[in-house]
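One structure below.
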Amino acid sequence: MSEGAAVGETGPQASVIIVSRGRAAELRRNLPAFRFQTHRAFELILVADPAGLAVARELNLSQQMKLVEFDEANISAARNLGLAQAAAPLVAFIDDDATPEPPWLSRLLAPFSDPEVIASTGFVRGRNGISMQWQGVATDETGADIALDVNELETTLWPSARCVKTHGTNCAFRRSALAAIGGFDPAFRFFLDETDVTHRLAPSGGQTAIVPRAQVHHGFAANASRRANRAPTDLHQIGRSAALFLRRHCPAPRHAEALDALRQGQAERVARYRKQGRLSAAEEAPLMASLEAGITEGMAAALTDPAPLAAAEIPFKPFPQGRGPTSHELRSCGLIGFRRALARARAEAASGQKVITLLRLSRTPRKHASWFDPAGVWVQRGGLFGRSLRTDPPLRLWRRAARIARERARIATFRSPES
């Protein structure tokens, strides 16, 4: 059943920057999603290791993108290389293990029509594609999160001095504002990198927008310091970046207290993963030792303000080809007939003109999960009586038509181009 159609606006030019290292599989799954962005005036910049750049070529996207080779474990340095290539006045960032919803970029950029807005950030869904991983938070001078009271359907503006957390996997900036402070500080190789940017932007004034309906799905894939089950393998960079952040943004008398809070938080995290079987008892002490080593290094490392970045000298290179999607259609099926329904949806999605969600319902209480199929289809599977939101009761007796209508309305708020 179709929900109608509406043509998206071209909107302002933007440069979307993706940093990737050791995640070729994630890029193979997520790069195709950019074909379905309703906003069409953007260029796509991939800063990646050789394997990541090979994926762009494999998908026949390399001629439509700007590719930058970089194979070091320093996300800030990689993002700055992307900024050097960014020819648009607005720059957006998304992780290689994150899938953007079709209206993501259009909604993330919309607040910049107000000249006072210098940054924006959206909501981030977790691995199951449904529950929220990050919503609206600010950070204090120690880098700790402070929950904000945010309307989940409306954009809200906050003074930049409030230091709203611009989630690195879902944020945008005026390039001029970011370039003026030197972009991301390479001293922050990982952790608190975007938080440091937020705090360095604060003195320049302006506003930061929280855009709840600008959403991405974040896979939280493994990296050099984290396993696929989210358990840490090394805490050195967390300790190092935390120490650097305190030295730059926090009064010295508060350092000891903040570092003790960091130690306690990480110890509780490690203990929790050990109890869950994600870490062994033998790994606990070395992890905490790596945190201390990082703190020691961070307290002694050189820390200088980054120099302003120059304007990009490379012309804007538009990524999308042709017109973007104009409508969203949710289709339902059971376990029987799913493959045939998926094949049909994939064939229709090839044009990039329609956003299709395939809802696979079984007559069970199974929890729901959602993901993007690289062929261009969003798939949600779960039980007719199962939970799709944490606030749902564990078991509810739904009529099939009512459950489909409920999921259609819920999904439309963040996926439908016309919503």
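Of the residues making up the stretch 381-407, just one is within 15 Å of Cys333 (Cα to Cα) and touching a helix residue (DSSP H, G or I) at 6+ places or on another chain (Cβ under 7 Å), namely Leu384. Annotation: Pro393 fulfils all but one of (1) in a loop (DSSP other than H, G, I, E, B); (2) touching a strand residue (DSSP E or B) at 6+ places or on another chain (Cβ under 6 Å); the unmet one is (2). Summed over the stretch 67-106, the residues that are closer than 19 Å to Phe173 by Cα, touching a strand residue (DSSP E or B) at 6+ places or on another chain (Cβ under 6 Å) and surrounded by fewer than 23 Cβ atoms within 10 Å (Cβ to Cβ) give a count of 3. Scanning the stretch 182-230 for residues that are modelled with pLDDT under 95 and among the hydroxyl-bearing types (Ser, Thr, Tyr), which turns out nearest to Thr155 (Cα to Cα)? Here the answer is Ser204. Would you mind stating whether Ser419 is open to solvent by 40 Å² or more (accessible area, probe 1.4 Å) and at pLDDT below 95? Taking the combined requirement at face value, the residue satisfies it. Residues in the stretch 121-173 that are more than 28 Å from Gly386 (Cβ to Cβ) and of a type in the set (Ser, Thr, Tyr) were compared, and the one that is most open to solvent (accessible area, probe 1.4 Å) is Thr155. Of Asp260, Asp234, all but one fail to be of a type in the set (Asp, Glu), surrounded by fewer than 20 Cβ atoms within 10 Å (Cβ to Cβ) and not in a loop (DSSP other than H, G, I, E, B); the exception is Asp260. The set of residues from the stretch 383-404 being loosely packed, with under 14 Cβ neighbours inside 10 Å and of a type in the set (A, V, I, L, M) comprises Leu389, Leu395, Leu397, Ala401, Ala402. The set of residues in the stretch 342-366 being in a helix (DSSP H, G or I), among the aliphatic types (A, V, I, L, M) and surrounded by fewer than 19 Cβ atoms within 10 Å (Cβ to Cβ) consists of Ala343, Ala347.
Does the stretch 115-128 hold any residues that are part of a loop (DSSP other than H, G, I, E, B) and more than 15 Å from Ser176 (Cα to Cα), and which are they? If the condition is that a residue be part of a loop (DSSP other than H, G, I, E, B) and more than 15 Å from Ser176 (Cα to Cα), then Gly126, Arg127, Asn128 are the ones that fit.
Using beta carbons and a limit of 6 Å, which pairs, at least six apart or on different chains, have the first residue in the stretch 342-362 and without any contact (Cβ under 8 Å) to a residue 24 or more places away in the chain and the second one open to solvent by less than 50 Å² (accessible area, probe 1.4 Å) and outside any strand (DSSP E or B)? Pairs that qualify, where the first residue is without any contact (Cβ under 8 Å) to a residue 24 or more places away in the chain and the partner is open to solvent by less than 50 Å² (accessible area, probe 1.4 Å) and outside any strand (DSSP E or B): there are none.
Being more than 22 Å from the chain's Cα centre (by Cα) and in a helix (DSSP H, G or I): is that true of Arg381 here?
No; evaluated as a whole, the condition is false for this residue.
Residue-level analysis places Ala409 among those that are without any contact (Cβ under 8 Å) to a residue 24 or more places away in the chain and within 24 Å of Glu348 (Cβ to Cβ). Taking the criterion of being touching a helix residue (DSSP H, G or I) at 6+ places or on another chain (Cβ under 9 Å) and exposed (fewer than 12 other Cβ atoms within 10 Å of the Cβ), the residues of the stretch 265-307 that qualify are Ser280, Ala281, Ala300, Asp305. Residues of the stretch 130-143 that are outside any strand (DSSP E or B) and over 18 Å from Arg107 (Cβ atoms): Ile130, Ser131, Asp140, Glu141, Thr142, Gly143.
The values are calculated or read from the model by the stated rules, or taken from the named source; none is laboratory data. These figures come from a predicted structure and were not determined experimentally. Heads up, the Cβs are rebuilt from the backbone with ideal geometry, glycines too, and the neighbour counts pull from every protein chain shown. The protein model used for the area step is the full one, side chains on, heavy atoms only, and it has no ligands, DNA or RNA in it. Shrake-Rupley method; radii C 1.70, N 1.55, O 1.52, S 1.80 Å.
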